[in-house]
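Note sheet for the following structure.
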Amino acid sequence: MPTQRLTELPDAVTRLIEKHSGPVVDAGTINAGRNSAIAARVQTTDRTLFVKGLPLDHPWVWTQKREADVSPYVRGIAPELYWHAEEDGWSLLGFEFVEGGHADFTPGSSDLPAVMATMTRLAAVTAPNLELKTMPHRFRTYVDDPADLSWFAGNNLLHTEWNPHNVVMTSGGALLVDWGWASLGAAWIDPAVWLLWLIARGHTPEQAEWAVAAHPAWGSAPPAGLDALARVQHRIWDSIAAESTDGWAEPMQVAARAWDAHRTAKP
């Protein structure tokens, strides 16, 4: 379920920002995203920040620490994290503010090569020595045969959340934001998850698989593993869509079903 976005910064949040970045001159809510109670462009006397946060008693507050822990490993492919604070009932992350729009995943978009370039850079990142969730663990309730989980095992750092709102297109390329669900797994999982968003934005399953084939790990993806992932994604998005109250997940549900059908039809 989405987290309710606050339209004004609570006094405790403002004080915490000022403790780490100096006096706040201006602040405006950013509407994109569904998982943060605080998401704001904050102007201080000497810099512009993107601040995101959750109350310390929120069930997903652990994702804040996950982003902070991963940040040193993804410099250059994600905005710089200046600070992480947990005080006065809040967990806040203060990032550099990056000018740019969200990625366009539609067929023929000029953003697609830049997104693939950043995804390729991520694939070369050495797995951090952190306690991250693994993809077999995350998918464990969506398989009929537990043996299928072995396909998803690996030691690659994965972003896993390829919503176009998590990809910011800048003059220097694509930057990835929202690392709260960063996980460890097989390197081909990120492009395989991305292709669902491509299908949801108008690609056919064949076109989407062709587009992600540029990823260096795609050629090593076992067909049976892709088949298993398609089944898992079908079940995940059926579950998310069933719980959604505003229909936002329906295009992804349709995409997951289409990819599963495509994989099932392959000889």
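List every residue pair whose Cβ atoms lie under 6 Å apart, where the two residues are 6 or more positions apart in sequence or sit on different chains, the first residue falls within segment 100-117 and is within 17 Å of ILE199 (Cα to Cα), and the second residue, located anywhere, is small (Gly, Ala, Ser) and not in a strand (DSSP E or B).
Filtered contacts from segment 100-117: THR106/GLY202; PRO107/GLY202; ASP111/ALA103; VAL115/ALA103; MET116/ALA214.
Answer yes if at least one residue in segment 158-181 is among the charged types (D, E, K, R), more than 20 Å from ILE236 (Cα to Cα), free of Cβ contacts under 8 Å to residues at least 40 places away in the same chain and assigned to a loop (DSSP other than H, G, I, E, B), and no otherwise.
No: segment 158-181 contains no residue that is among the charged types (D, E, K, R), more than 20 Å from ILE236 (Cα to Cα), free of Cβ contacts under 8 Å to residues at least 40 places away in the same chain and assigned to a loop (DSSP other than H, G, I, E, B).
Among the residues of segment 84-102, is any closer than 27 Å to ALA217 by Cα and surrounded by 15 or more Cβ atoms within 10 Å (Cβ to Cβ)?
The answer is yes; a qualifying residue exists.
Of the residues ALA200, ALA249, ALA256, ALA174, which is within 22 Å of VAL143 (Cα to Cα), among the small types (Gly, Ala, Ser) and surrounded by 21 or more Cβ atoms within 10 Å (Cβ to Cβ)?
Residue meeting the stated conditions: ALA256.
Given the options TRP194, TRP237, TRP210, name the one that is over 30 Å from PHE50 (Cα atoms), in a helix (DSSP H, G or I) and among the aromatic types (Phe, Trp, Tyr).
Result of the check over TRP194, TRP237, TRP210: TRP210.
Please work out which residue is nearest to MET119 (Cα to Cα), limiting yourself to segment 18-42 and to residues that are surrounded by 15 or more Cβ atoms within 10 Å (Cβ to Cβ) and more than 20 Å from the chain's Cα centre (by Cα).
VAL42
Just checking, does segment 210-229 include any residue being at pLDDT 95 or above, surrounded by fewer than 23 Cβ atoms within 10 Å (Cβ to Cβ), aliphatic (A, V, I, L, M) and more than 24 Å from PRO113 (Cα to Cα)?
yes
The values are calculated or read from the model by the stated rules, or taken from the named source; none is laboratory data. From a predicted model like this one, the values you see are computed outputs, not experimental measurements. Please note: Cβ atoms are built from the backbone with ideal geometry, for glycine as well, and neighbour counts cover all protein chains shown.
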